[in-house]
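**Q** Below: one structure in structure tokens.
The values are calculated or read from the model by the stated rules, or taken from the named source; none is laboratory data. Bear in mind that the values here come from a model prediction, so they are computed numbers and not experimental data. So basically every Cβ, Gly included, is an ideal-geometry build from the backbone, and we count neighbours across all protein chains shown.
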Amino acid sequence: SSSSNNYDLSFKILLIGDSGVGKSSLLVSFISNSLEDLAPTIGVDFKIKLLAVGGKRLKLTIWDTAGQEKFRTLTSSYYRGAQGIILVYDVMRRETFTNLSDVWAKELDLHSTNQDCVKMLVGNKVDLESERVVSREEGIELAKEHGCLFLECSAKTRENVGQCFEELALKSQVSK
Ligand code: GDP
């Protein structure tokens, strides 16, 4: 049988947040298990990863914005059917953090019809600790406000990258 059918559950996960926060890098870092090629990415549309979580084989279909977030015109079809949403900011750029409330949470309210959708707030680029401007505590606070799980990570060093997707998938599974 085809290996793409070897799963028990399937999840659609979205990455959203400002341009340049590292959405594509997180996806590439998670999928490829490799550290090289962290150049600015052209959008990848979506990638599939099979994962064993909580004794189940999960198929994650993870959607990236393909750069469309620059125009803030992600379409309803991008959001439709999403079971997990990863909201990403850059810990070195405060406006990417404030835009999650000012822009992206509102976008989600407009488009997302799925009430059991699990959300994860992710502060990326923590490998550049000395240049950080958004504190971990602020991240925790915002996550609480918006009912999100929370993690800080680095697509560059891959610190916590697997956890972002795995914890989201696990939580989505539990909430079913
Ligand atoms: P996107 O527009 O949100 O998809 O962002 P990209 O994935 O294209 O990343 C934007 C830039 O940030 C690129 O130059 C990446 O190499 C860089 N970048 C992404 N993640 C990290 C990270 O964890 N640490 C560092 N230092 N740079 C990163």
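**Q** Name the residues in the stretch 145-162 that are farther than 21 Å from Gly20 by Cα and in a helix (DSSP H, G or I), would you?
**A** Matches in the stretch 145-162: Glu145 only.
**Q** Now, a different point. Which one of these is under 13 Å from the mean Cα position of the chain (by Cα), away from the ligand (no atom under 16 Å from the Cβ) and in a helix (DSSP H, G or I): Leu168, Leu110? Steps first, please.
**A** Details: Leu110 fails: under 13 Å from the mean Cα position of the chain (by Cα).
Going through Leu168, Leu110 in turn, the sole match is Leu168.
**Q** Give the number of residues within the stretch 129-144 that are over 23 Å from Val118 (Cα atoms) and assigned to a helix (DSSP H, G or I).
**A** Total satisfying the criteria: 3.
**Q** Of the numbered conditions (1) surrounded by fewer than 21 Cβ atoms within 10 Å (Cβ to Cβ); (2) within 13 Å of the ligand (Cβ to nearest atom); (3) assigned to a helix (DSSP H, G or I); (4) modelled with pLDDT of 90 or more, Glu95 satisfies every one except a single condition; which is it?
**A** So Glu95 meets the others, but not (2).
**Q** Quick one: what pairs do we get from the stretch 13-27, first residue in contact (Cβ under 8 Å) with a residue 24 or more places away in the chain and more than 6 Å from the ligand (Cβ to nearest atom), second of a type in the set (Asp, Glu) and in a loop (DSSP other than H, G, I, E, B), C-beta under 9 Å, 6+ apart or different chains?
**A** Leu14/Asp64; Leu15/Asp64; Leu26/Asp64; Leu27/Asp64
**Q** Also, I was wondering about something else. So which residues in the stretch 1-58 are modelled with pLDDT under 85 and of a type in the set (A, V, I, L, M, F, W, C), if there are any at all?
**A** Listed by number, the residues that qualify are Leu35, Leu38, Ala39, Ile42, Val44, Phe46, Val53.
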